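**Student:** Let me give you the structure first, and then I'll get to my questions.
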Amino acid sequence: MSAEDAEALRAEIQQTRSELGETAEALAAKADVKARARDAVEHKKEQLSDKAGELAAKTKEQAGAVRMRIAEVPDELRRRPVSALLVGAVGVAAIAIAVYAAGRARR
């Protein structure tokens, strides 16, 4: 066996040892169920936290839009008082009909 062959064999053995070490580490990580479960829980926590942040921002944005719309309602009522009176009259009529019907049902 020549010196070159011996050196090539040593390099191949070193490479095989390195690959074997990586394979053993990968198998050990796969076999560690507790650590994998812990990692999965942490991952889900992060996902939920991100989603909660998104929902909070969206809710704030929508609440602002609702506040703006509510602020516009008095202006619309001033511009269209007949509409407000009509809605009120329909509401009173509905209550009166309900009271009348309840009274008739008792007889």
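Computed from the coordinates by the stated procedures, all read-outs in this text should not be read as laboratory data. Keep in mind that what you see is a predicted model, and the values were worked out from it rather than measured. Backbone-built Cβ (ideal geometry, glycine too); neighbour counts: all protein chains shown.
**Student:** Looking only at residues that are among the aliphatic types (A, V, I, L, M) and over 39 Å from the mean Cα position of the chain (by Cα) in the stretch 41-86, which one is surrounded by the fewest Cβ atoms within 10 Å (Cβ to Cβ)?
**Tutor:** 82
**Student:** Of all residues in the stretch 4-40 being out of contact with any Lys or Arg (no Cβ under 8 Å at 6 or more places or on another chain) and among the basic types (Lys, Arg), which is surrounded by the fewest Cβ atoms within 10 Å (Cβ to Cβ)?
**Tutor:** Within the stretch 4-40, the match that is surrounded by the fewest Cβ atoms within 10 Å (Cβ to Cβ) is 34.
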